[in-house]
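Heads up, the thing below is written out as structure tokens.
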Amino acid sequence: MTSASRKKLRAAVMVSGRGSNLQALLDAASAPDYPASIDLVVSNVPNVQALERAEKAGIRTEVVPHRDFDSRETFEREISAVLESASPDLICQAGFMRILTPWFIERWDAQLINIHPSLLPAFPGLKTHERALEAGVRLHGCTVHLVHTEVDSGPILGQAAVPVMPDDDANSLAERVLQAEHLLYPTCLKLIGEGKIQIGSDDARLAANLCDGTQVLLNPDAV
Ligand code: GRF
């Protein structure tokens, strides 16, 4: 099948705030030969910048405010029904700030991915940049992974690393990692759309060698 005749992967994106990763996905998906389309953006918070970005790109948006529901379960059933209406092949969490129950995660088994601002399994959870600085790591970065029930766990689909500089604070490091996120997420979605990353319930693997395996990333990069 040629890339032109292959059907595009249908993606929905779950957001809660700024939406810079959503923007990176929208920008990538605006290229005619990109193998995925963003069909729906769902936010659990009204009036966030991510919704504006989606509207500007002409993408359908829905808001399911978690505060309007008396339990996590009823909230998740509603958000799930909204997602179902777009028949997505894949759901990308991009700064979606609610912990999801096993019910939701199992409902979307092998279809739910997330981007996390650390090189997992290091630093799951919040304040990843502060913790990376505290730990003194010399390389930090971000991970796209399949969502499993334990927070920030699940098979790794892709990672990008950045150096930690001597004068970094959490903000400067966060900014450098965010630039890497904006490259990594669209790349992973592209590779999934092309069938080069294959996703199973407990497994995500590269279907092909995408690099020659000889590169070494050094920090410090002394010669
Ligand atoms: C990103 O750092 C992402 O890794 C994390 O939340 C942040 C969302 O930023 N899960 P944005 O809304 O995409 O700008």
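If we scan the range 154-172, do we find a residue that is within 16 Å of the ligand (Cβ to nearest atom), under 26 Å from PHE75 (Cα atoms), part of a loop (DSSP other than H, G, I, E, B) and touching a helix residue (DSSP H, G or I) at 6+ places or on another chain (Cβ under 7 Å)? No; the residues of the range 154-172 include none that is within 16 Å of the ligand (Cβ to nearest atom), under 26 Å from PHE75 (Cα atoms), part of a loop (DSSP other than H, G, I, E, B) and touching a helix residue (DSSP H, G or I) at 6+ places or on another chain (Cβ under 7 Å).
Of all residues in the range 154-168, how many are over 24 Å from the mean Cα position of the chain (by Cα) and not hydrophobic (A, V, I, L, M, F, W, C)?
Looking only at that region, the number is 3.
For the range 103-120, a residue qualifies if it is aliphatic (A, V, I, L, M) and either part of a loop (DSSP other than H, G, I, E, B) or touching a residue at least 40 places away in the same chain (Cβ under 8 Å) (or both), and the qualifying residues are ILE105, ALA110, ILE113, ILE115, LEU119, LEU120. Somewhere in the range 71-84, is a residue closer than 24 Å to GLU194 by Cα, of a type in the set (Lys, Arg), open to solvent by 80 Å² or more (accessible area, probe 1.4 Å) and touching a Ser or Thr at 6+ places or on another chain (Cβ under 8 Å)? Checking the range 71-84: not a single residue is closer than 24 Å to GLU194 by Cα, of a type in the set (Lys, Arg), open to solvent by 80 Å² or more (accessible area, probe 1.4 Å) and touching a Ser or Thr at 6+ places or on another chain (Cβ under 8 Å). Residue count for the range 1-47, restricted to those that are surrounded by 20 or more Cβ atoms within 10 Å (Cβ to Cβ), within 16 Å of the ligand (Cβ to nearest atom) and in a loop (DSSP other than H, G, I, E, B): 2.
Applying a threshold of 8 Å to beta carbon distances and a minimum spacing of six or more residues, or different chains, the list of pairs starting in the range 77-88 at a residue that is in a loop (DSSP other than H, G, I, E, B) and ending at one that is open to solvent by less than 20 Å² (accessible area, probe 1.4 Å) reads SER85/LEU40; ALA86/ALA12; ALA86/LEU40; PRO88/ALA11; PRO88/ALA12; PRO88/LEU40. Scanning the range 173-194 for residues that are in contact (Cβ under 8 Å) with a residue 40 or more places away in the chain and either over 28 Å from GLN111 (Cα atoms) or away from the ligand (no atom under 16 Å from the Cβ) (or both) turns up LEU173, LYS190, ILE192, GLY193, GLU194. Checking each residue of the range 124-146 against the condition of being more than 12 Å from the ligand (Cβ to nearest atom), closer than 16 Å to ASP203 by Cα and not charged (D, E, K, R) gives at least one match. Looking only at the range 166-190, residues that are in contact with a strand residue (DSSP E or B) (Cβ under 7 Å, 6 or more places away or on another chain), open to solvent by less than 30 Å² (accessible area, probe 1.4 Å) and under 19 Å from ASP89 (Cβ atoms) come to 3 in all.
Of the residues contained in the range 53-69, one or more are found to be open to solvent by 40 Å² or more (accessible area, probe 1.4 Å), more than 16 Å from the ligand (Cβ to nearest atom) and in a loop (DSSP other than H, G, I, E, B).
The values are calculated or read from the model by the stated rules, or taken from the named source; none is laboratory data. Treat the numbers as computed from the prediction; the structure is a model and nothing was measured. In this analysis, Cβ positions are derived from the backbone assuming ideal geometry, glycine residues included, and neighbour counts consider all displayed protein chains. Ligands, DNA and RNA are excluded from the accessible area calculation, which covers all protein heavy atoms including side chains. Shrake-Rupley method; radii C 1.70, N 1.55, O 1.52, S 1.80 Å.
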